[in-house]
Amino acid sequence: MEAKRVSAPLSREAAARLRCGDAVLLSGTVYTARDAAHRRFLDCLRRGEPLPFPVENAVLFYVGPSPAPPGHVVGSAGPTTSYRMDAETPALLRLGLRGMIGKGRRSPEVIAAMREAGAVYFGAIGGAGALLSACVRSAELICYPDLGAEAVRRLEVENMPLTVVIDAAGNDLYELGRSAYLAQRAEANGN
Amino acid sequence: MRELDAGRITEAVARLCVAANLRLPADVTAAVEAARRAEDWPVACDVLDRILENDQLDKGLPICQDTGLACVFLEIGQEVHIRGDLRDAVDAGVRRGYREGYLRKSAVRDPLLDRVNTGDNTPAMLYTELVPGDRVKLTVAPKGFGSENMSRIAMLRPSDGVAGVKRFVLETAEAAGPNPCPPMVLGVGLGGTFDKCALLAKRALLRPLDSHHPDPRYAALEAELLEAVNALGIGPQGFGGRATALAVLIETMPTHIAGLPCAVNVNCHVARHQTEVL
Ligand code: SF4
């Protein structure tokens, strides 16, 4: 399948053009955040403070990279499992978060909030952190340095290979891809 | 009595932490290649190609950014005397390996309340066993938590039998779905006590992926379970396809007349471990 070129930040219109199962090459700015950073984002909102990154149209990458060896901008940088961020995600989607990069299932609450926000969930290949690292052009720590690998970083990425797992209409590749495969398999077995 | 300086254990652990995170055992690569050949779903073929590309990059980066908790297995010959503090020596090895290898530090000191990163990936998850002889065999198996979190244990009834074990293994794979970065590897422990059973499942993950249980009945069950898991349709990364698992490895031990403990330790395609003998 020909990959669609997508840029980040991601507008609502561009997000609406993506369909579950699409292969995507993403370029632009993404922000890293995982468990601990998400808890701090919500603390910010509870205190009425602004988030440490521009959330409108933003794409978050659920990743805690390994340290960059000399000559690399970042170490290995593959996705972490997304469900751990499910509790905090609807609040961010309501503020305009437009995309998330991770792996694994999302909750019905997240999917419902994505539909309202016109947001997309991308899957990156889990366990291919060395390959994904090569797509990162620059990495800059923007807050929470005490969190180490979990600190929030601004990454400039180029042609990052992703798959649309859940589109803005709520279609979920984890359900649809699997049932399409099983249907084909049943047909091939002649039953 | 053979004398062994604890410093040599530190050096070996440091080397093994780096080696295990940077390259996969040959049997794991062979299993991914075999899964690619057997795959019949285009999206799944693409994912497996990318995984193989990643594993062969060799740019001095860890295969996966989750370089895990450092699980260190020591088989210590009864005729070796280790000079120095063994626990400290192992932790010093983890500290050095994770620093020098640019590996991610993923350990928190307190599991519930503070959750502050220890900063050097210590402490090691240390497993020691006394064995005959005067050698020390060290295995480091960094364990990521995307897959560890999908692991489960059930205290089945003896009457649940083979059908109950199959059901539990399949339920575990189903519940894990796309989360543990499939294709996965399933270590299955049967027997022992609650804790021994979990350890059997963990130790099963150290076996070569093309190995079989020595009892042909269990070897047949391993093959049957692998087939059943690969009929679920979850596929690589959960996008659909055949290759949901690369292997199902069963380890067994005696148990109580009233019990059939069954543990499933879930691992990912980054099925890392390296061994040295001192
Ligand atoms: S489950 Fe395995 S492959 Fe996936 S992120 Fe964790 S360690 Fe890496």
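Helix A:173-188 axis versus longest C-alpha principal axis of chain A: approximately 20°, rounded to the nearest ten. Working from the Cα coordinates of chain A, the gyration tensor eigenvalues give, after taking √(5λ), semi-axes of 28, 20, 15 Å in decreasing order. More than 25 Å apart: what percent of Cα pairs in region B:6-123 qualify? Here the tail beyond 25 Å accounts for 41 percent of pairs. Other residues lying with their Cβ under 13 Å from the Cβ of A:Leu45 contribute a combined charge of +2, Lys and Arg counting +1, Asp and Glu -1. Could you name the lysines whose alpha carbon sits less than 24 Å from that of B:Lys137, not counting residues in the same chain fewer than 8 places away? Cα-Cα hits under 24 Å: B:Lys196, B:Lys202. Helix B:86-100 and the longest principal axis of the Cα set of chain B meet at an angle near 70°. Calculated [222 nm] ellipticity per residue, helices only, for chain A: -8000 deg cm²/dmol; basis is -39500 (n - 2.57) per DSSP H run with n ≥ 4, divided by all residues, nearest 500.
Taken over region B:69-180, the percentage of Cα pairs per 10 Å bin, counting from 0 up to the bin with the maximum distance, is 12, 29, 27, 24, 8, 0. Packing around the peptides A:103-114, B:130-141, taken as the average count of other Cβ atoms within 10 Å per residue, puts them in this order, highest first: A:103-114, B:130-141.
By the Kirkwood approach, averaging reciprocal distances over each pair of separate Cα atoms, the protein assembly as shown gets a hydrodynamic radius of 23.0 Å.
The portion of the accessible surface of the protein assembly as shown made up by carbon and sulfur, rounded to a whole percent, is 53 (1.4 Å probe; DNA, RNA and ligands excluded). The long axis of helix B:161-176 is offset from the longest Cα principal axis of chain B by roughly 80 degrees.
One compactness figure for region B:16-55 is 1.30, namely its Cα radius of gyration divided by 2.2 N^0.38 Å. Set the Cα radius of gyration of chain B against 2.2 N^0.38 Å, with N its number of residues, and you get 1.02. Could you check which residue among B:Pro214, B:Pro182, B:Pro62 shows the biggest mean-square fluctuation in a GNM of chain B with a 10 Å Cα cutoff? Answer for the Gaussian network model of chain B: B:Pro214. Mind checking which of B:Cys45, A:Pro65, B:Val277 is farthest towards the positive end of the protein assembly as shown's charge dipole, using Cβ charges of +1 (Lys, Arg) and -1 (Asp, Glu) about the Cα centre? Of the listed residues, the answer is A:Pro65. Taking the three principal axes of the alpha carbon atoms in region B:146-271, the coordinate ranges are 43, 25, 23 Å, sorted in descending order.
Other protein chain C-beta atoms within 10 Å of residue C-beta, averaged over B:49-61: 5.
Counting Cβ atoms of other protein chains within 10 Å of each residue's Cβ and taking the mean over peptide B:178-187 gives 4.
The values are calculated or read from the model by the stated rules, or taken from the named source; none is laboratory data. Since the structure is predicted, the reported quantities are computational estimates derived from the model, not experimental observations. In this analysis, Cβ positions are derived from the backbone assuming ideal geometry, glycine residues included, and neighbour counts consider all displayed protein chains. Please note that ligands, DNA and RNA were not included when accessible areas were found on the heavy atoms of the full protein model with its side chains. Shrake-Rupley method; radii C 1.70, N 1.55, O 1.52, S 1.80 Å.
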